[in-house]
1. Where in segment 238-287 are there strands (runs of 3 or more DSSP E), lying wholly inside it, with at least 3 residues that are farther than 28 Å from Tyr123 by Cα?
2. Hey, Gly110 hits all of (1) under 23 Å from the mean Cα position of the chain (by Cα); (2) on the phi > 0 side of the Ramachandran plot but one; which does it fall short on?
3. Against the condition loosely packed, with under 14 Cβ neighbours inside 10 Å, modelled with pLDDT of 95 or more and in a strand (DSSP E or B), how does Val210 come out, does it pass?
4. Being under 19 Å from the mean Cα position of the chain (by Cα) and either under 30 Å from Trp52 (Cβ atoms) or among the basic types (Lys, Arg) (or both) narrows it down to one residue among Leu193, Leu152, Leu144, Leu172; which is it?
5. In segment 122-141, how many are under 21 Å from Ile105 (Cβ atoms) and surrounded by fewer than 21 Cβ atoms within 10 Å (Cβ to Cβ)?
6. If you take the residues of segment 265-279 that are more than 16 Å from Lys191 (Cβ to Cβ) and at pLDDT below 95, which of them is surrounded by the fewest Cβ atoms within 10 Å (Cβ to Cβ)?
7. I'm told Leu259 meets every condition in (1) surrounded by 15 or more Cβ atoms within 10 Å (Cβ to Cβ); (2) without any contact (Cβ under 8 Å) to a residue 24 or more places away in the chain except one. Can you identify the failing condition by its number?
Amino acid sequence: MIQRARLLILLIAPLLTFAQSPEEDLVRTKAALDWLESKLNYLYYDNASDRWWKNTFYANEKNEITIKHIVSDRPNTANIRDKTYTIRKFRIEDINPKSLKITDIKESRGRVVKGQMLELRTYGFQDLIHKSINNRRASSTSFLFLSFPETLVDSLSNYAEIVKEKLEEAILASIQIYPKNDDSDIATILKVLSGDHKTEDGKQWKAESVESNILKIDRGNRLIEYFGYDPSAQSFYMISISNGGVKKQNLLFESNDRLKISSKEGVSIVVDTPNSFIINDEAYFRQ
């Protein structure tokens with residue numbers, strides 16, 4: 001229960017506290033990526049195959065990540081011909097922070113050796129992690145594994161956990177949404193609320209476009225719900241249809257600092273990232 005509560009704080013707290021300013025988010029993103037660059041450059045040995053692996057991590061100014069693995073029969077690869085370069089490239093914002101998972105590895109198997117492994121996946125399992133081997137293009141994937149050997153794990157307590165938290169911070173700080181106070185805010189809200197989202201306790205929000213500016217919502221209940229924008233009234237609305245009748249709530253922009261809309265009846269929606277939103281303090285994450 002304590003571990004689950006800690007995870008919930010890690011995932012929801014950034015959504016509630018990151019929205020400060022674009023400038024501050026840039027600083028937080030760069031600091032987290034700089035830390036990862038310094039800590040994800042290391043060398044390790046796989047005794048099962050008698051091979052050495054060198055891991056490097058690099059982020060450019062567009063937050064595009066390059067992770068390179070070099071495998072050879074000696075630790076110094078500078079003048080070795082028999083070596084293989086595997087390079088994976090992806091955008092930090094394409095990684096789902098909820099997918100980050102640490103697994104204990106009991107036995108070495110190639111690049112993933114005894115110690116701990118960190119798993120990263122993209123939103124919707126899209127093949128957005130692009131791979132090449134010895135400068136030849138290979139199949140793109142939706143996942144990536146980082147191996148942390150025992151020697152590395154033992155050198156710093158909770159090494160994999162700290163890397164995981166820094167990756168979460170880099171992702172969330174790089175994708176914060178701020179209002180532009182123009183018509184693009186309307187399109188952004190509709191886009192973020194579209195698709196399949198869930199809360200940590202399994203509540204669902206599935207939204208599909210049925211007409212321009214209108215989403216049909218499925219929350220797994222018996223209500224028929226619609227969310228949309230009415231240009232003539234210049235407001236969003238939510239309509240719920242049940243045996244008790246039709247209920248409509250109008251939601252207006254509330255803040256110039258956050259992309260937030262709310263109704264007089266007490267419904268509040270905050271759009272913080274392209275892949276998450278908050279309804280009445282309950283966070284929904286894109287799957």
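1. Because the criterion is at least 3 residues that are farther than 28 Å from Tyr123 by Cα, the strands (runs of 3 or more DSSP E) in segment 238-287 that meet it are 245-253.
2. All conditions are met except number (1).
3. For Val210, the condition - loosely packed, with under 14 Cβ neighbours inside 10 Å, modelled with pLDDT of 95 or more and in a strand (DSSP E or B) - is met.
4. When all the criteria are applied, what remains is Leu144.
5. Matching residues across segment 122-141 total 1.
6. Gly266
7. Every condition holds for Leu259 apart from (2).
Residues are listed down the side, and each one gets a yes or a no for (1) β-branched (Val, Ile, Thr); (2) closer than 19 Å to Arg51 by Cβ; (3) in contact with a Leu (Cβ under 7 Å, 6 or more places away or on another chain):
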| site | (1), (2), (3) |
| --- | --- |
| Thr66 | yes, no, no |
| Ser72 | no, yes, no |
| Asn96 | no, no, no |
| Glu107 | no, yes, no |
| Ser132 | no, no, no |
| Asn135 | no, no, no |
| Tyr159 | no, no, yes |
| Ile162 | yes, no, no |
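The values are calculated or read from the model by the stated rules, or taken from the named source; none is laboratory data. Every value quoted in this text rests on a predicted model; they were computed, and no experiment measured them. Counting neighbours? That spans all protein chains shown, and the Cβs are built from the backbone with ideal geometry, glycine included.
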